[in-house]
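Each remark here refers to the structure printed beneath this line.
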Amino acid sequence: MNAEAARRLSGIAHFTNFIAARQHWTKSHSIRAAIISHVLDVCGLKQLQDVFADLEPNRIKIYGKQIADFIEIFEKNINPVDENLDKDSLYNIATAKPVPENVANFWLNIEKNGEDLRKQFITECAED
């Protein structure tokens, strides 16, 4: 991923329509998290989660702004629970348009596809 773009595009208010980036992130997120967690544990750097850090005034201010930004984007675009929407379509909240069928199928089947890829990976590793 482009480091410059990654540095600027953050927070819950950022939306992307680049499906390949979403697919890549989705497929590799759990692997990245597991590797980082293992390395920190082996190095003795793994710390217990600080549940009080989120209560710091600066964090509350940041989270409040992120929520306000999200609500603003949400109100400008689409209400996903509107009764007038086509119930058989999956909508992009950022554009208020139904997503293409192949994109909807990808998101609606992501857990099954991920499980299938996990099983395939285990099978391939066992064969080697």
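The values are calculated or read from the model by the stated rules, or taken from the named source; none is laboratory data. Computed from a prediction, not measured in an experiment: that's the story for all the values here. Using ideal geometry, Cβ is built from the backbone for each residue, glycine included, and neighbour counts are taken over all protein chains shown.
Summary table below
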quantity: Matching residues in the stretch 100-128 - criterion: being under 17 Å from the mean Cα position of the chain (by Cα) and among the β-branched types (Val, Ile, Thr); calculated: Val103, Ile110
quantity: Residue list for the stretch 81-99, restricted to those being more than 23 Å from the chain's Cα centre (by Cα) and surrounded by 11 or more Cβ atoms within 10 Å (Cβ to Cβ); calculated: Leu85
quantity: Filter result (surrounded by 10 or more Cβ atoms within 10 Å (Cβ to Cβ) and modelled with pLDDT of 80 or more) within the stretch 35-60; calculated: Ile35, Ile36, Ser37, His38, Val39, Leu40, Asp41, Glu56, Arg59, Ile60
quantity: Qualifying residue in the stretch 62-74 (condition: under 26 Å from Trp25 (Cβ atoms), modelled with pLDDT under 80, aromatic (Phe, Trp, Tyr) and within 20 Å of the chain's Cα centre (by Cα)); calculated: yes
